[in-house]
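Coordinate-derived values only; no laboratory data. On a predicted model such as this, the values are computed, not experimentally measured, just so you know. All Cβ positions, glycine included, derive from the backbone under ideal geometry; neighbour counts span all protein chains shown.
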Ligand SMILES: *[C@@H]1O[C@H](CO)[C@@H](O)[C@H](O)[C@H]1NC(C)=O
Ligand SMILES: [Zn+2]
């Protein structure tokens, strides 16, 4: 992967279209949202000056499908948008996912003000991919207020963060003369919802970038209910195979049931203490996929499961190994020959700085790109919306949550800049 100046590569048509003219909100090309009513009610008593602009940006992002591998179009939109806002923009190509080899080029987007420096105070980052399926943008009818609900894929995870981060930086730079625009750099990555390949590519490239790129702190945008996360749990992903011996179900003593072994082992793991800590609570366990055997009247010779644990113990780099050892021990207790445990990836719990005045703390149980950004920096994790609706059919956010995030990101960036 390599960096390319966005204005020189790839999108001449797109850039020509937009050069020197006002951003056209995508709502004008027939999405269900109503920018007409947005403008009509911009003067509503509780509306900040940037409400229209924020909703137009979020609508454009949410209306552009961008599940894993399909991030090309939303990336192009963002490049165009940021350039119009006066940023310098680079893109970083990321190879297609293994299971989608033929997609259009997908890329991370990096944006800054002025000449590219080596040392930034703060990196502001989130991800532009979403989980499938696409859910169109839909804004509640009537007068827009802080209570207005917006539905659609990515409203919460994490296009709400992307839009509010951009608006927050713009707002901060236009209202606070003490902030040096050249201290802040923005990064929007692909692939967070699957392998983290976008952030890993960025992280790997830090070493060979020219000029080099360092930052003292990074603010990650993920749904934290507008609270400041003190950390997130780690994770461990494994497959378990049980091997038995087939036989007629009338003569179980002649066989060895792989399903029975698997059921007993998984039951034991569910009941076990997989480790806990005061900050992160209990490690939890999920059998996400369960399969085995061939028919009701056959003692099954083979069973397999895909499991995930949310890790609450141990160090950042090694917490998952603590949990893997406990799972392995339980499998051995149940049967010391039947099981194969294959853990594909994992990491321990990650702490973040939540000691910032004016923020309510939270601890979250989901993974983020923080483990994929391997550098020396102070972490912050904050975003609008709740993880409890992310990834579901009813993903939504409120206008009030978004606007609080624009305000909070400004506070957080200011705090990080002044450290
Ligand atoms: C954590 O696990 C213990 C048992 O190991 C249980 O008593 C406790 O309720 C659990 N805590 C939570 C928050 O689920
Ligand atoms: Zn996310």
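What to note about this one:
- Placing pseudo-labels 7 Å out from each Cα toward the beta carbon at residue 366 and residue 73 gives an inter-label distance of 2.3 nm.
- In summary, the convex hull built on the alpha carbon positions of the chain has an orientation-averaged projected area of 23.1 nm².
- Computed E for residue 407/residue 249 - FRET, C-beta separation, R0 45 angstrom, nearest 0.05: 0.10
- Sum of -39500 (n - 2.57) over DSSP H runs of 4+, divided by residues of the chain (222 nm, nearest 500): -8500 deg cm²/dmol
- Separation of region 131-187 and region 218-265, taken as the distance between their Cα centroids, equals 36 angstrom.
- Gain in span if fully extended, residue 45 to residue 306, counting 0.36 nm per residue against the direct Cα distance: 88.8 nm
- Computed FRET value (nearest 0.05) for residue 414 with residue 208, which takes r as the C-beta separation and R₀ as 35 Å: 0.65
- Inter-centroid distance (Cα atoms) of region 91-127 relative to region 361-419, Å: 19 Å
- Alpha-carbon gyration tensor eigenvalues x 5, square-rooted, for region 127-167, Å: 20, 14, 6
- Where a label projected 7 Å from the Cα of residue 328 along Cα→Cβ would reach, residues of region 241-257 with amide N under 20 Å: 241-243
- Between helix 159-175 and the chain there is an angle of about 30 degrees, using the helix long axis and the longest principal axis of the Cα atoms.
- The chain: relative contact order in percent, alpha carbon pairs under 8 Å with at least 6 residues between: 20 percent
- Note on residue 100 and residue 298: the extension gain reaches 67.5 nm, defined as 0.36 nm multiplied by sequence separation minus the Cα-Cα distance.
- Label-point separation in nm, residue 175 to residue 291, each point 7 Å along Cα→Cβ: 5.3 nm
- Remark: spin-label model distance residue 145-residue 272 equals 5.3 nm, labels positioned 7 Å along the Cα→Cβ axis.
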